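Undergrad: Below is the structure I would like to discuss, written out as C-alpha cells.
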Amino acid sequence: MRPTDYTLKGALEALAAGETTSVALTEAFLDGIARLNPRLNAYITVTAEKALEAARASDARRAAGQAGPLEGAPLAIKDLFCTAGVQTTAGSRILGGFVPPYESTVTANLLRDGAVFLGKVNLDEFAMGSSNTTSASGPVENPWSRANDPDTRLVPGGSSGGSAAAVAARLALGATATDTGGSIRQPAAFCGIAGIKPTYGRCSRFGIVAFASSLDQAGPVARTVEDCAILLKSMSGFDPRDATSADLPVPDFAAACARPVKGLRIGVPREYRLDGMAPEIEALWQQGLQWLRDQGAETVEISLPHTKYALPTYYIVAPAEASSNLARYDGVRFGLREAAKDSDLRDLYERSRAKGFGAEVRRRIMIGTYVLSAGYYDAYYLKAQKVRALIRRDFEQAWGKVDAIVTPATPSAAFGMDERQDDPVTMYLNDVFTVTANLAGLPGLAVPAGLDAQGLPLGLQVIGKPFDEEACFTVGAAIERAANFTALPGIRA
Amino acid sequence: MSYTIDGTTGPWELVIGLEVHAQVISQSKLFSGAATAFGAEPNSQVSFVDAGFPGMLPVINRECVAQAVRTGLGLNAEINLWSRFDRKNYFYADLPQGYQISQYAHPIVGQGAVEIELADGTKKTIGITRLHLEQDAGKSLHDQHPQKSFIDLNRSGVALMEIVSEPDMRSPEEAGAYLSKLRQILRYLGTCDGNMDEGSMRADVNVSVRKAGEGYRTRCEVKNVNSVKFVMQAVEAEARRQIEVWESGGTVEQETRLFDTQRGITRSMRSKEDAHDYRYFPEPDLPPLVLEQSWVDQLKASLPELPDARRARYVAMGLTPYDAHVLTLEKETAAFFETVAKGRDAKQAANWVTGDFFAALNRLKRDITDPPVTAENLGALLDLIADSTISGKIAKDVFEIMIETGKAPGAIVEERGLKQVTDTGAIEAAVADVLAKNADKVAEYRSGKDKLFGFFVGQTMKAMGGKGNPALVNEVVRKLLG
Amino acid sequence: MSLDAATVKRIASLARIRLEEEEVGRMQAEINGILGWIEQLREVDTDGVEPMAGGAPAGQPAMRMREDAVTDGGIADAVLANAPDRQGDYFGVPKVVE
Ligand SMILES: [Mg+2]
Ligand SMILES: [Zn+2]
C-alpha cells in the first residue's frame, strides 16, 4: 500500500503496528505536494523542513511509548488558523508576510495529540467564497474532472478549497477547515470527501482569523467519516480564551460512527426540495434516505418554513460582522501598508485596504458597512437577526420529531473555474443547503454519496441537534457504508 | 438665585451634562490579562488581544464587572442584571481593533443620583443617566517625530466606566462640584483612583445655553477635559462662545470641541466630512453579561462607608459640620482622622488634625498619603495630654519634635524630661519662691488688684519650664495667696 | 432601497476603502444586485420576535468571567515584530493632527 493511500485511521493503525513511520508518511506527502501542488495550488505554504523535524520527533515519542491520539499523522492546516512562526495569510494580500507569534487553540490541540503539519492550505480570501477563486495566492483546482470534459478545470468549492483538494488528492491525511456558511461541507462534497462543521462553540475560535464571529466554526475534512470523527475529537474542547466556547465534555465521536441507525428518526425538510433542482441531486437524496430506511431508520417529512430566507439573512449577518472584524487590517500593526508620498493616516488606511483586499472582500465589507449604518440598521441587521431567530426556532420545533436531518450538501457538483463568476448572487446560492446550520449554530456533516452523470462526486448532508455531532457521525457513517464510495479523483499522489 | 451669563440680549442660562470616563481599578485589562499600571515602557503592557491581532478574542475580567456594580451601588443606581456589549466601529490610530467594545443599548448600570453641595451651602441632586463598561484606546504621541505620530497601546483595553449625567447642571460651579463629588465617591469606593493628571478620570462636557423658560438649544461636546478647574473654565468658555454665536445671528452647530487650556477657549475638533456613524451592533464574541442578584447583594454588603454617610457620622460624634466636611473630602484624610480619634476624644482629635497637622502638611508641602507624623503617633500624643503627662502647650512643642525626628511622643517626652510636674510639694516650693521674689506684687494683689493672679501663675510655669500641671499650679497659687 | 453613487462613496469612505471614480458604477451595480435580493426578507413577519445575537444554538449561556490577574503582556517585541513601520518601541503612522 502506498503511504498516501492510507486513511487517517489506517495510517494511525499502521504507525502503531510499526508498519510505517511518521517520517515515511511525511516524506510521501511532501513528495506528492512537490509533484502536484504546482498544478492544484492547494498549499500556500509548505513547511517541509519543519514537518520532517516534527515527524522525527513524533517517531521518537512513539518509540518512547508516548504516542498521542494523532501521533505522527501528517495534516494540512487551512491558512486561516494562526500557526506560531509560520506565515498566516487568510488568502489575502493584506496579511502578506504576517507571521503570528501564537498558535490557534485548534492547531495547538492537534499538535498536543501528536499531529505533524505539512503546511498551510489555500482558501478563499478571508474565507469569503464558494469556489476558492478569490485567494490572493491564486485559485485552487479540484483534483476531480468531468469524464466527458477532462480539460475543463473545476473549482474545489470554498472557502476551504485547499483543505478539500489536498485531502482528495492525497496530499494530506486530513485537514483543518472552517465553515461560516458552508465552507467545510460544500468543498468536501465537491471533492468527494467528508467534512463536519460542529456545533457553534464546540471548537475554539481563538487564533482563527475571524470572518463572521457568530457563524464561524472550525472542523475537519478527511477521506472518511470516521477520520473526521478522530480529528474532531482532537480539535474540540472547552477553551477559556474564547467566551463563546462551550464548556462541555467531548464525546468519543469515532465510537458514534459504529452505532446502528436502527430506530433513528431522520427528518426530510420539504423546503429543501428546490424549484428546478437537478434530478440527480434529488435522486441521490432519495437514495440516501432509502439506505437509511434499509438500515432500520425511519424517515419523517418535516417543515423548516424559513429556509428560503436563510441565504439573504446570511448575506446581512456575515458581511456586517466581517466589516467590523476586518477593520483591524489597517496597515499599522501588521500586514500590508500602502501609502502615497504624502499620505495622511486616513489615506494610508484607504490605500492599504483597497490594495490589500480583493474584490469579493471589498464588496462584502461595503455591504456590511451599509447594513449597519445609521438609518439602515433596523431594516437590515435587526431584521436579519429576527429572521435568524425564526430559522433557529424552525429547527427547535423539528427536534421534537426527529433525531437528525438529511439533505443534499450542494445544489450541484463542482463547476468550472470560469463558470458562475459574473454574478455574486449566483455564487452565493452554492450554500443554500448548508447555511441554515450556521445560522442556527447546528452541526452539519457532508459525506460523499455518489457521482453525477459526468463522474463528479456529490454529497449528502446530515444536520444534528445542538452538540449532537454523534448523531451526524452515526447517520453519516451509515450513508458512507451504504454508498461504498470508492471513486477516485484523476489527480492524486 | 440662579447663575446666568449676561449677553447683549440679556441673561442666558446654562445647561450642562457630563460624561465622565473613569478608569477602573483592576490588576489586568477588561478583556485581556495585560497589566494596567501607569507609566510603563511603551507597548510593554500589551497582549495580542489589546493590539487587535488576527484571531484574538476578548474574555471579560470579573473584577472590572464588580467595580462597575460597586460604583452603580455607590451612585444609588439600578444594577441591570442583564447587560450586553456592543461594538462601536470607527477607525483611529490608537484603536487597534477598529472598534471599541462598549455597552450601547444595554448598560450594566441604569439611573442613579448624586447630591452636590455648593459654596453657599445649597444642595442639589444631579441625575445619573447610566454607567457602562468599555475599553480604553491606546495613546498617540505627536511630539516624537516631525512627520509621524507614535502609537503606544499600553492603555488599549484598560477598563473604563463611562458615567453619563442628566443635563441637570446650571453653572460652572455645579459642574465642578459634580465632578468633585463623583471623584470623591469613586475614590471612597476604591473603583477609580481619580488621578486626573494621569488620565484616570476625563470628562466630556456637554454645554448648551438658553433663555429663561426655553427648551434645550443645540449642545456641543467638549472632549477629554482633565481637571475640575478646566471643566469649570471649559463650561464658561463654551457657554460664552455659544452666546456670542446666537447673539450675532448665527446658529450653534452640534459638534465635538476641544478645550485649549493655554488660551482658555474651545475649538472645533473634527471636520464635518468625518461625521461619525459608529455602526453599533451586538459584540458577537461575547455572550450577554448576566449577574446573580446574590452576587450584587454581596458586593453591596461589602461597600465601604461613603462620604455623605461618613460626614453625618462625624457630626454625630460632635464635630462641627465644617470639620466633618474637611476631614471627609479625601478618604485618606478620613482614615487618618479615624486612626487618631479611635478610643479618644473625637473633637480634640479633629482639632489637632485640622489644626496643627494640616498646618504642618501645608508648611512642608506634604500629602496625607505621606504624612510627617503618623496617625498612631498623633493619637499617642493626644493620650499624653489626656492623662496629664504633658500639657497642651508642651504637646505643641512635642509635635514639632515629632516632625523633626519622626520619634514617638512618649520617647520624646521621656528623653527631654518634658513630663508634667504633678508633685504638689514641688509646685508649692516653686510658687512660694515666685511669691517671695515678688513681694511688692503680692501686696498689690492683696490690696485688690485681682488681675495679677495670672502673673503669678505665669511666673511659676516659667520657673518650672512649662512642665507644671496648670490646674495644680492655679490651685496652689490661689491657696498660697490665700 | 437602492444605493446611489454618492452613498456608495460615503460607505467606502466609512469603511476606509479607497474607491477610484471608475470603480463606483460597478460596485454600485453589484451592491444593488445583492441588496435587491436581500429585500425578500421584508415579507417575513417578525413582529414580537426576539432578535438572535451571537451564534449559540440553544439560547446564549451567560458570559463566563475570568479572574483579575496579570497573565499577559511584557511582549513588546512580539507585538511590534510585524509592524510595517516600527519606531523604537512604538508603531509609527503619518502624523495625526487633531
Ligand atoms: Mg462621550
Ligand atoms: Zn466612552
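Undergrad: Among the candidates C:MET65, C:MET52, which residue alone is surrounded by fewer than 19 Cβ atoms within 10 Å (Cβ to Cβ) and more than 26 Å from A:TYR329 (Cβ to Cβ)? Don't jump to the end; show me each part of the working.
TA: On the way: C:MET52 fails: surrounded by fewer than 19 Cβ atoms within 10 Å (Cβ to Cβ).
Residue meeting the stated conditions: C:MET65.
Undergrad: I would also like to ask the following. Restrict the check to segment B:180-200 and report whether at least one residue is within 16 Å of ligand 1 (Cβ to nearest atom) and in contact with a helix residue (DSSP H, G or I) (Cβ under 9 Å, 6 or more places away or on another chain). Walk me through it before giving the result.
TA: Narrowing segment B:180-200 to residues within 16 Å of ligand 1 (Cβ to nearest atom): B:182, B:199.
Applying the additional criterion that residues be in contact with a helix residue (DSSP H, G or I) (Cβ under 9 Å, 6 or more places away or on another chain) yields none.
There is no residue in segment B:180-200 that is within 16 Å of ligand 1 (Cβ to nearest atom) and in contact with a helix residue (DSSP H, G or I) (Cβ under 9 Å, 6 or more places away or on another chain).
Undergrad: For B:GLY199, indicate whether it is on the phi > 0 side of the Ramachandran plot, open to solvent by less than 50 Å² (accessible area, probe 1.4 Å) and either within 16 Å of ligand 2 (Cβ to nearest atom) or modelled with pLDDT of 95 or more (or both). Before the answer, list the steps.
TA: Working: on the phi > 0 side of the Ramachandran plot: yes; open to solvent by less than 50 Å² (accessible area, probe 1.4 Å): yes; either within 16 Å of ligand 2 (Cβ to nearest atom) or modelled with pLDDT of 95 or more (or both): yes.
It is true that B:GLY199 is on the phi > 0 side of the Ramachandran plot, open to solvent by less than 50 Å² (accessible area, probe 1.4 Å) and either within 16 Å of ligand 2 (Cβ to nearest atom) or modelled with pLDDT of 95 or more (or both).
Undergrad: Right, another one. Just one of A:THR299, A:THR313 is more than 14 Å from chain B (Cβ to nearest Cβ) and either assigned to a loop (DSSP other than H, G, I, E, B) or open to solvent by less than 10 Å² (accessible area, probe 1.4 Å) (or both); which is it? Give the derivation first.
TA: Details: A:THR299 fails: either assigned to a loop (DSSP other than H, G, I, E, B) or open to solvent by less than 10 Å² (accessible area, probe 1.4 Å) (or both).
One residue alone meets the criteria, A:THR313.
Undergrad: Confirm whether B:ALA34 is aliphatic (A, V, I, L, M), at the interface with chain C (Cβ under 10 Å from one of its Cβ atoms) and touching a strand residue (DSSP E or B) at 6+ places or on another chain (Cβ under 6 Å).
TA: Working: aliphatic (A, V, I, L, M): yes; at the interface with chain C (Cβ under 10 Å from one of its Cβ atoms): yes; touching a strand residue (DSSP E or B) at 6+ places or on another chain (Cβ under 6 Å): yes.
Spelling it out, B:ALA34 is indeed aliphatic (A, V, I, L, M), at the interface with chain C (Cβ under 10 Å from one of its Cβ atoms) and touching a strand residue (DSSP E or B) at 6+ places or on another chain (Cβ under 6 Å).
Undergrad: So which pairs qualify, if the first residue must be in segment A:87-106 and surrounded by 24 or more Cβ atoms within 10 Å (Cβ to Cβ), the second must be part of a helix (DSSP H, G or I) and of a type in the set (A, V, I, L, M), the Cβ gap must be under 8 Å, and the two must be at least 6 apart or on different chains?
TA: Every condition considered, the pairs that remain are A:THR88/A:LEU95; A:THR89/A:LEU95; A:ALA90/A:ALA127; A:GLY91/A:ALA127; A:SER92/A:VAL361; A:VAL106/A:MET235.
Undergrad: While we're on this one: Can you name the number of the only condition in (1) closer than 24 Å to B:GLN67 by Cα; (2) away from ligand 2 (no atom under 16 Å from the Cβ) that B:VAL164 fails?
TA: Condition not satisfied by B:VAL164: (2).
Undergrad: What do you reckon, is A:ALA374 more than 23 Å from B:TYR280 (Cα to Cα) and surrounded by fewer than 23 Cβ atoms within 10 Å (Cβ to Cβ)? So that I can check it myself, show each step before the final result.
TA: Details: more than 23 Å from B:TYR280 (Cα to Cα): no; surrounded by fewer than 23 Cβ atoms within 10 Å (Cβ to Cβ): yes.
Considered against the rule, which asks whether it is more than 23 Å from B:TYR280 (Cα to Cα) and surrounded by fewer than 23 Cβ atoms within 10 Å (Cβ to Cβ), A:ALA374 comes out as no.
Undergrad: Which one is most open to solvent (accessible area, probe 1.4 Å) among residues in segment B:209-230 that are within 16 Å of ligand 1 (Cβ to nearest atom) and under 23 Å from B:LYS139 (Cβ atoms)? Before you say what the answer is, go through the steps one by one.
TA: Kept after step one, since they are within 16 Å of ligand 1 (Cβ to nearest atom), are these residues of segment B:209-230: B:219-226.
Now narrow it down to the ones that are under 23 Å from B:LYS139 (Cβ atoms): B:221-226.
On the way: B:GLU221: 32, B:VAL222: 0, B:LYS223: 52, B:ASN224: 83, B:VAL225: 5, B:ASN226: 66 Å².
In this case the residue turns out to be B:ASN224.
Undergrad: Within chain C, which helices (runs of 4 or more DSSP H) (wholly inside it) include 2 or more residues that are at pLDDT below 95 and at the interface with another protein chain (Cβ under 8 Å from one of its Cβ atoms)?
TA: It comes to C:21-38.
Undergrad: Look through segment A:330-344, keep the residues that are of a type in the set (A, V, I, L, M, F, W, C) and surrounded by 23 or more Cβ atoms within 10 Å (Cβ to Cβ), and return whichever of them is nearest to A:ARG420 (Cα to Cα). I'd like the intermediate steps shown before the answer.
TA: Keep residues of segment A:330-344 that are of a type in the set (A, V, I, L, M, F, W, C), which gives A:332, A:334, A:336, A:339-340.
Among the residues that remain, those that are also surrounded by 23 or more Cβ atoms within 10 Å (Cβ to Cβ) are: A:332, A:334.
Numbers: A:VAL332: 36, A:PHE334: 34 Å.
Result: A:PHE334.
Undergrad: Same structure again: Do any strands (runs of 3 or more DSSP E) entirely within segment B:73-145 hold 3 or more residues that are within 16 Å of ligand 1 (Cβ to nearest atom) and closer than 30 Å to A:GLU321 by Cα, and if so, which? Steps first, answer last, please.
TA: Details: elements: B:86-89, B:99-102, B:112-117, B:123-135, B:139-141.
Result: B:86-89, B:99-102, B:123-135.
Undergrad: Only residues that are within 14 Å of chain C (Cβ to nearest Cβ), touching a Ser or Thr at 6+ places or on another chain (Cβ under 8 Å) and not β-branched (Val, Ile, Thr): list them for segment B:153-175, please.
TA: Looking only at segment B:153-175, we keep the residues that are within 14 Å of chain C (Cβ to nearest Cβ), and these are B:153-159.
Now restrict to residues that are touching a Ser or Thr at 6+ places or on another chain (Cβ under 8 Å): B:154, B:157-159.
If the condition is that a residue be within 14 Å of chain C (Cβ to nearest Cβ), touching a Ser or Thr at 6+ places or on another chain (Cβ under 8 Å) and not β-branched (Val, Ile, Thr), then B:ASN154, B:GLY157, B:ALA159 are the ones that fit.
Undergrad: Let me ask you something else. Can A:ALA354 be described as over 23 Å from C:ALA78 (Cα atoms) and in a helix (DSSP H, G or I)? Working first, answer last.
TA: Details: over 23 Å from C:ALA78 (Cα atoms): yes; in a helix (DSSP H, G or I): yes.
Taking the combined requirement at face value, the residue satisfies it.
Undergrad: Just wondering, is there one or more residues in segment B:390-407 that are surrounded by 20 or more Cβ atoms within 10 Å (Cβ to Cβ) and outside the structural domain of B:GLN348 (by TED's automatic domain parsing)?
TA: No, the conditions are met nowhere in segment B:390-407.
Undergrad: Could you check segment B:50-83 and list, in sequence order, the residues that are among the hydroxyl-bearing types (Ser, Thr, Tyr) and within 27 Å of the chain's Cα centre (by Cα)?
TA: Start the filter on segment B:50-83 by keeping residues that are among the hydroxyl-bearing types (Ser, Thr, Tyr), which leaves B:71, B:83.
B:THR71, the sole residue that qualifies.
Undergrad: So if I check each of A:THR47, A:THR7, A:THR83, A:THR88, which one is of a type in the set (Ser, Thr, Tyr) and touching a Cys at 6+ places or on another chain (Cβ under 6 Å)?
TA: None of the other options fit; the residue is A:THR88.
Undergrad: Tell me whether segment A:402-421 contains one or more residues that are touching a residue at least 12 places away in the same chain (Cβ under 8 Å) and touching a Cys at 6+ places or on another chain (Cβ under 6 Å).
TA: No - not one qualifying residue is present in segment A:402-421.
Undergrad: Here is a further query. Of the residues A:ALA354, A:ALA437, A:ALA414, which single one is of a type in the set (A, V, I, L, M, F, W, C) and closer than 18 Å to A:ALA127 by Cβ?
TA: On the way: A:ALA354 fails: closer than 18 Å to A:ALA127 by Cβ; A:ALA414 fails: closer than 18 Å to A:ALA127 by Cβ.
Answer to the selection: A:ALA437.
Undergrad: Something else about it: With B:GLU41, B:GLU78 as the choices, which residue is of a type in the set (Asp, Glu), surrounded by fewer than 24 Cβ atoms within 10 Å (Cβ to Cβ) and more than 21 Å from C:ILE75 (Cβ to Cβ)? Even if it seems obvious, please write down each step before you answer.
TA: Values: B:GLU41 fails: more than 21 Å from C:ILE75 (Cβ to Cβ).
Matching residue, one of B:GLU41, B:GLU78: B:GLU78.
Undergrad: Quickly run through segment A:358-371 and pick out the residues that are open to solvent by 10 Å² or more (accessible area, probe 1.4 Å) and either outside any helix (DSSP H, G or I) or without any contact (Cβ under 8 Å) to a residue 40 or more places away in the chain (or both).
TA: Selection gives A:GLY358, A:ARG362.
Undergrad: Search segment A:257-268 for residues that are aliphatic (A, V, I, L, M) and pair each with any residue that is open to solvent by 60 Å² or more (accessible area, probe 1.4 Å) and part of a strand (DSSP E or B) when their beta-carbon atoms are under 6 Å apart and the residues are at least 6 apart or on different chains.
TA: A:VAL268/A:GLU301
Undergrad: Does B:ASN206 satisfy the criteria of being within 16 Å of ligand 2 (Cβ to nearest atom), open to solvent by 50 Å² or more (accessible area, probe 1.4 Å) and touching an Asp or Glu at 6+ places or on another chain (Cβ under 8 Å)? Step through it out loud before you land on a result.
TA: Working: within 16 Å of ligand 2 (Cβ to nearest atom): yes; open to solvent by 50 Å² or more (accessible area, probe 1.4 Å): no; touching an Asp or Glu at 6+ places or on another chain (Cβ under 8 Å): yes.
Judged against the criteria, B:ASN206 is not a match.
Undergrad: Give B:ASP143, B:ASP86, B:ASP136 a once-over and let me know the one that is under 31 Å from the mean Cα position of the chain (by Cα) and under 30 Å from A:SER352 (Cα atoms). Quick ask: steps written out before the conclusion?
TA: Numbers: B:ASP143 fails: under 31 Å from the mean Cα position of the chain (by Cα); B:ASP86 fails: under 31 Å from the mean Cα position of the chain (by Cα).
Answer to the selection: B:ASP136.
Undergrad: Any residue in segment B:159-166 that is open to solvent by less than 20 Å² (accessible area, probe 1.4 Å), under 26 Å from B:VAL46 (Cα atoms), more than 15 Å from ligand 1 (Cβ to nearest atom) and not in a strand (DSSP E or B)?
TA: no
Undergrad: Mind checking which residues of segment B:19-38 are within 16 Å of ligand 2 (Cβ to nearest atom) and surrounded by fewer than 24 Cβ atoms within 10 Å (Cβ to Cβ)?
TA: Going residue by residue through segment B:19-38, those that are within 16 Å of ligand 2 (Cβ to nearest atom) are B:19-24, B:29-31.
Of everything in segment B:19-38, those that are within 16 Å of ligand 2 (Cβ to nearest atom) and surrounded by fewer than 24 Cβ atoms within 10 Å (Cβ to Cβ) turn out to be B:GLU19, B:HIS21.
Undergrad: Right, B:ARG155: within 16 Å of ligand 2 (Cβ to nearest atom), of a type in the set (D, E, K, R) and not in a strand (DSSP E or B) or not?
TA: Answer is yes for this residue.
Undergrad: Within the bounds of segment B:23-46, is there any residue that is within 16 Å of ligand 1 (Cβ to nearest atom) and either part of a loop (DSSP other than H, G, I, E, B) or not hydroxyl-bearing (Ser, Thr, Tyr) (or both)? Before the answer, list the steps.
TA: If we filter segment B:23-46 for residues that are within 16 Å of ligand 1 (Cβ to nearest atom), which is where we start, we get B:23.
Filter once more, so that each one left must be either part of a loop (DSSP other than H, G, I, E, B) or not hydroxyl-bearing (Ser, Thr, Tyr) (or both): B:23.
Among the residues of segment B:23-46, at least one is within 16 Å of ligand 1 (Cβ to nearest atom) and either part of a loop (DSSP other than H, G, I, E, B) or not hydroxyl-bearing (Ser, Thr, Tyr) (or both), which makes the answer yes.
The values are calculated or read from the model by the stated rules, or taken from the named source; none is laboratory data. Predicted model only: the values in this text are computed from it and were never measured. Positions of Cβ are generated from backbone atoms using ideal geometry, with glycine treated the same way; all protein chains shown enter the neighbour counts. When the accessible area is computed, the model is the full protein with side chains, heavy atoms only, and any ligands, DNA or RNA have been set aside. Shrake-Rupley method; radii C 1.70, N 1.55, O 1.52, S 1.80 Å.
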